[in-house]
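Here's the structure, in structure tokens; my notes come after.
Please treat every number below as a calculation from the coordinates, not as lab data. Here the structure is a predicted model, which is why all the values come from computation and not from measurement. Methodologically, a virtual Cβ is constructed for each residue, glycine included, from the backbone with ideal geometry; neighbour enumeration extends over all protein chains shown.
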Amino acid sequence: MEKVFVSWSGGKDCTLAAYKAMAQGFKVACLLNMAKADGKLSWSHGVSSDVLKIQSRAIGIPLVQGLTNQKAYHANFIKTLLELKKQGITGGIFGDIDFEAHREWVTGVCHEVGMTAHLPLWQRDQNDILKEFIKSGFESVIIDTRADLMGEEWLGRKIDADFVRDINKRRDLTPCGEAGEYHSFVMNGPFFKQCVAITETNKFQRDGHWFMQILKCEVKPK
């Protein structure tokens, strides 16, 4: 059984990738997230580190956060992987679907440290991915949208059958938001030991995006 990390943003794609990796027999040892140098927000979706730690506790898998700035991102990611390798971790799970530059980067950094990159969702149909995510029992909401494509009304929407229907009405959106149209946060699912209850949020617009910042959340029994 290969011991792996999951490249973690807190959103739907990395979550489904982790779920599929577990089904394939991988042992997920940790959730790896890169945070900004002050440790407060993640690089990927700008989610509070405290919120990701609560999500990790609900899942029951430890969160490992590497700190970095943009200039040193590659070097610090490599440094973090080398630390994980010392713990017997030999591979990484990534939720990339069809953005070739991302695939090349993750396979490259893993190769640099002698690890293997696994991409369970790679080049799958995005509607099939969404439907599998929903059918598997995951619960997720939209926390970030590109303001030029998706308005404030999308924030907080659950990823469900209605969401799939509405996003497919739009020819300018990819169903999974693979071009950065939206990001999500997962609160519950089949491998979660407990669930995350979001109790307070703040919606605002900044840098061409609408955000639903999670101010307070807590772990609750399923």
**Prompt:** For residue 161 and residue 27, what is the calculated FRET efficiency with R₀ set at 22 Å and r taken between the beta-carbons, to the nearest 0.05?
**Reply:** 0.10
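Once R0 is set to 25 Å, what does the formula 1/(1 + (r/R0)^6) return for the Cβ-Cβ distance between residue 111 and residue 191, expressed as a FRET efficiency to the nearest 0.05?
Using R0 = 25 Å, I get an efficiency of 0.35.
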**Prompt:** In the neighborhood of residue 91, defined by Cβ-to-Cβ distances under 11 Å, what is the net charge if each Lys or Arg adds +1 and each Asp or Glu adds -1?
**Reply:** +2
**Request:** Could you list, in their original order, any pairs among 36/169; 27/53; 20/79 whose Cα atoms are separated by more than 31 Å?
**Result:** 36/169
**Message:** Quick check on the range 53-188: what does the Kirkwood estimate of hydrodynamic radius come out to from the alpha carbon pairs, in Å?
**Reply:** 16.9 Å
**Message:** Highest mean first, how do 215-222, 115-122, 138-145 rank when packing is the count of other Cβ atoms within 10 Å averaged over residues?
**Reply:** 138-145, 115-122, 215-222
**Asked** Under the rule of -39500 (n - 2.57) per DSSP H run of 4 or more residues, summed and divided by the residues of the chain, what mean residue ellipticity at 222 nm is obtained, to the nearest 500 deg cm²/dmol?
**Response** -9000 deg cm²/dmol
**Prompt:** Quick one: putting +1 on the C-beta of Lys and Arg, -1 on the C-beta of Asp and Glu, what dipole do you get for the range 3-118 around its Cα centre, in Debye to the nearest 20?
**Reply:** 400 debye
**Item:** Residue-by-residue Karplus 3J(HN,Hα) for the range 64-71, coefficients 6.51, -1.76, 1.60, Hz, glycine and proline x
**Value:** 10, 10, x, 9, 7, 9, 5, 4
**Asked** Suppose every K and R has +1 on its Cβ and every D and E has -1 on its Cβ; what is the size of the dipole of the chain about the Cα centre, in Debye to the nearest 20?
**Response** 720 debye
**Prompt:** HN-Hα J couplings of the range 158-163 from phi, Karplus 6.51/-1.76/1.60, θ = phi - 60°, integer Hz, Gly and Pro as x?
**Reply:** 6, 7, 9, 4, 5, 4
**Request:** With a point put 7 Å past each Cα toward its Cβ, work out how far residue 222 is from residue 131 in nm, to one decimal.
**Result:** 2.5 nm
**Prompt:** Relative to the present Cα-Cα distance, how much length would full extension add between residue 2 and residue 73 at 0.36 nm per residue of separation?
**Reply:** 22.9 nm
**Asked** Which cross-chain or sequence-distant (5 or more) residues have an amide H under 5 Å from the amide H of residue 144, H modelled 1.01 Å from N in plane?
**Response** 183, 212
**Message:** Can you give me the C-alpha center-to-center distance between the range 22-50 and the range 94-137, rounded to a whole angstrom?
**Reply:** 15 Å
**Relative contact order %, the range 1-154, counting alpha carbon pairs below 8 Å whose residues are six or more apart** = 24 percent
